[in-house]
Amino acid sequence: MNHEFIHRERHLKRIQATIAGMPSLSTTVVKVLETCNDPRASANSLKQVISLDPVLTGRVLKLINSAYYALGKPITSLTRAIIMLGVNTVKNLALSFAILKNMQGNGTFHAFTTDEFWLHCLCVGVVAKSLAAFKGLMPAEQEEYFVAGLLHDLGKIPLNKQFAEEYYQVWESAGRKQDPFYHWEDRLLGIDHCKVGSMIAQKWHLGSSLVESLSHHHDPDECTEKNRDLVSVVSLANLIAIDLKIGTAGDRLVDKGLLVDLSAKVGVDYSKLSNFQESVGKEIDRAKIFLEIAQKG
Amino acid sequence: MILKFWGVRGSIPSPGPNTVKYGGNTLCLELRLPDQERLIIFDAGSGIRELGDSLSADNGNKGCLNADIFLTHTHLDHILGLPFFAPIHNPGTRLKIYGPVTCEEDPLEEVIGGQLSYRYFPIRQHELGADIEYIDLMEGKYNLGRGITLIAKYLNHPLLALGYRVEYRDKVLCTAYDTEPFYNVFCTDTSDASFDEILASEGSRAAREENRRMEEFFKDADLLIHDGQYTQSEYENAKRGWGHSPIEYVVEAAKRAKVKRLAICHHDPLRTDCQLDELSQVYVNEEYAGGMKVFFAREGQEVEI
Ligand SMILES: [Zn+2]
Ligand SMILES: [Zn+2]
């Protein structure tokens, strides 16, 4: 018991160290560098490139929320964050976390590639936004849903980075037993990406809605009432993304029963979900073309 | 309250025959409260050197000074005077230095205190006589004790910068420099290929709301000390995004917020005394300012609030 405790403490230290220096994803880094080094790059393209990277989006929100605190509600919209911070500050921030050497080695996942992980995050963001639009939410709220989806799996980055070998075991065991991925994270590492995600969101002052969507996207019923809608949508978007097989971040199977239940809770007809497929696919293709990785797959 | 301007210039100290009247030192303000020993200083630009010398002279042999220094941000023109602020070399001086966190993860102590390293200055931070405590600030309301309330407000500058509102016995002093009006940075030209309707409208809405919050921040101030580095045409032609305000906009915003007196500061280093006098002719004028008193701040000037 005591031994386990020490083990866990040591794990936490390593995870915290990774959070502090977590760089942008290798998938977006070339475009980030290109955009941010171009003095004439417009705010529109800056927003577009940042919004394709969960780490950079989180970092931009962290920067504004470490100083700004209107009415006790943190900023969860990238649009507003860029207005507040200004284009140059955002470029400067992005440049300091877009690290080219992250392209190879260290940062990549063994179980699945960084490109697949990126695709999964983006897909969950896009689906969450579509669901929000479907529910009739305003554009500003839709953006919060997008951000919550994009960031939901941030907790996997430090785990993969610090425990690459074990993380591969997690992936293998979860696949063999057809168990949820996060169960095996907890079993083999003593902590899962939901807890790590929650640590990141708290440390970055991202506010309760993002803290809860990072920590409860696998158990939306556990979150507080005021964020229940958002977290349920992110949770559903995650299942849909897995079901559509767009990218992967560990989980390969979807419990259909859960999918039907959650759809009902969110208020969308399960049979209509396939309607999303086309528009989501289109939006993701646009992103790939923007990043010029279409050829890579 | 009595406010004294020890430095009103922006960007870089600008001595010389053209800045004799308004002064060439960069920003530093001294605030004294009646019946209190308390000293509050805003910013440590080059103006803080003379403030420090005057304090040393006043204190004579006593040598103890207790002061709070509120830094608006950590751009060089607002911190470069600190090593030359004589009281930091006296044992017995107790300073609290407050300021916003910067882009990097470094704490205020390193960002400001970093000037006191051997490569920049012969006396190192840990060799200083004074007892200095650094406190990171963000937006919010702070109780400074003895009936003084301080509100810190996020400004629009290329680096995180704060404006301060001090409330004491029904009197209000506000600072809002270095800042410019929030504006929509996203494309609003419908014929442009990158035009995005949602982004364009959300961007304008955010800018409008933030500008409204800004005016609420200095609402009813007895004295507002505001950035006015540029004229409207200078601003529009080349200076948008530099983090400084056009005078015309500031006067209008202050009028809307029912400010009683407006001091324009952070004068451009290239602005001569003659030019500032000319600008005064235009803006320091009851008719233009709708009853609000406007003046271009001068080094050494004292204002009773
Ligand atoms: Zn300045
Ligand atoms: Zn500045």
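Points to keep in mind about this one:
- Heavy atoms of B:Tyr230: accessible area, 1.4 Å probe, square angstrom to 10: 10 Å²
- Acute angle (nearest 10 degrees) that the helix B:273-283 long axis makes with the longest principal axis of chain B, alpha-carbon atoms: 50 degrees
- Among beta bridges that DSSP assigns inside the range B:2-304, antiparallel share in %, nearest 5: 45 percent
- Global form of the range A:101-253, assessed from the alpha-carbon gyration tensor, a/c cut-off 1.5: prolate
- The mean number of Cβ atoms from other chains found within 10 Å of a Cβ in peptide B:153-162 is 4, as a whole number.
- Separation between Cα centres of the range B:139-166 and the range B:233-305, rounded to whole Å: 22 Å
- Dipole magnitude (debye, nearest 20) for the protein assembly as shown, charges at Cβ of Lys, Arg, Asp, Glu: 380 debye
- Sorting A:His7, B:His267 on solvent-accessible area from highest to lowest, probe radius 1.4 Å, gives A:His7, B:His267.
- Hits among aspartates and glutamates - C-alpha to C-alpha of A:Lys62 under 12 Å, sequence gap 8 or more where chains match: B:Glu104, B:Glu105
- Applying 0.36 nm per residue to the separation of B:Lys219 and B:Gln281 and subtracting their alpha-carbon distance, the gain on full extension is 19.8 nm.
- Burial order of peptide ranges B:148-155, B:252-259 (average beta-carbon count within 10 Å, highest first): B:148-155, B:252-259
- Linear extension gain, B:Ala193 paired with B:Asn18, 0.36 nm per residue minus alpha-carbon span: 58.2 nm
- For the range A:233-249, the Karplus equation 6.51 cos²θ - 1.76 cosθ + 1.60, evaluated at θ = phi - 60°, returns couplings of 5, 4, 4, 5, 4, 4, 5, 4, 4, 5, 4, 6, 6, 9, x, 7, 9 Hz by residue, with Gly and Pro reported as x.
- Beyond 21 Å in Cα-Cα separation lie the following of the pairs B:Lys153/B:Lys255; A:Lys245/A:Lys282; A:Lys245/A:Lys265; A:Lys73/B:Lys260: A:Lys245/A:Lys265; A:Lys73/B:Lys260.
- Using distinct alpha-carbon pairs, which all enter the 1/r mean, Kirkwood radius of the protein assembly as shown in Å: 26.3 Å
- If you look at the Cα atoms of the range B:239-305, you get an Rg and a Dmax of 12.2, 34 Å.
- Cα gyration tensor category, rounded, prolate or oblate, for the range B:129-221 with a/c compared to 1.5: prolate
- Summed over all non-identical Cα pairs, the Kirkwood treatment of the range A:172-280 gives a radius of 14.8 Å.
- Of all stretches in chain A that contain no trypsin sites (Lys or Arg not before Pro) in a DSSP loop with at most 15 other Cβ atoms within 10 Å, the longest one is A:136-244.
- Model label points for A:Lys265 and B:Ile135, set 7 angstrom from Cα along the Cα-to-Cβ axis, are 4.4 nm apart.
- Shown for the range B:2-304 is the translational diffusion coefficient from the Stokes-Einstein equation, using the Kirkwood radius over Cα pairs, a temperature of 4 °C and a viscosity of 1.567 mPa s: 65 µm²/s.
- With θ taken as phi - 60° and the Karplus curve 6.51 cos²θ - 1.76 cosθ + 1.60 applied, the whole-hertz 3J(HN,Hα) list for the range B:110-127 is 6, 5, 7, x, x, 5, 8, 10, 4, 5, 10, 7, x, 10, 8, 3, 6, 8 Hz, x standing for glycine and proline.
- Shape of chain A, Cα gyration tensor, a/c cut at 1.5: rounded
- Placing +1 on the Cβ of every Lys and Arg and -1 on the Cβ of every Asp and Glu, with no other charges, gives the range B:2-304 a dipole of roughly 880 debye about its Cα centre.
- Per residue of B:191-201, other chain Cβ atoms within 10 Å of the residue Cβ number 3 on average.
- Sorted largest first by accessible area at a 1.4 angstrom probe radius, with every protein chain in place, the residues B:Glu278, B:Glu210, A:Glu225 fall in the order A:Glu225, B:Glu278, B:Glu210.
- Spin-label pair A:Lys203/B:Asp170, simplified geometry with 7 Å Cα→Cβ offset, distance in nm: 5.1 nm
- The GluC sites (Glu not before Pro) found in the range B:1-110 that occupy coil by DSSP, while having at most 13 further C-beta atoms within 10 Å, are B:Glu37, B:Glu104, B:Glu105.
- Relative contact order of chain B, defined on C-alpha pairs under 8 angstrom at six or more residues apart (%): 18 percent
The values are calculated or read from the model by the stated rules, or taken from the named source; none is laboratory data. Keep in mind that this is a model prediction, so the values were computed, not measured. Counting neighbours? That spans all protein chains shown, and the Cβs are built from the backbone with ideal geometry, glycine included. Just the protein is used for accessible areas: all its heavy atoms, side chains included, with ligands, DNA and RNA removed. Shrake-Rupley method; radii C 1.70, N 1.55, O 1.52, S 1.80 Å.
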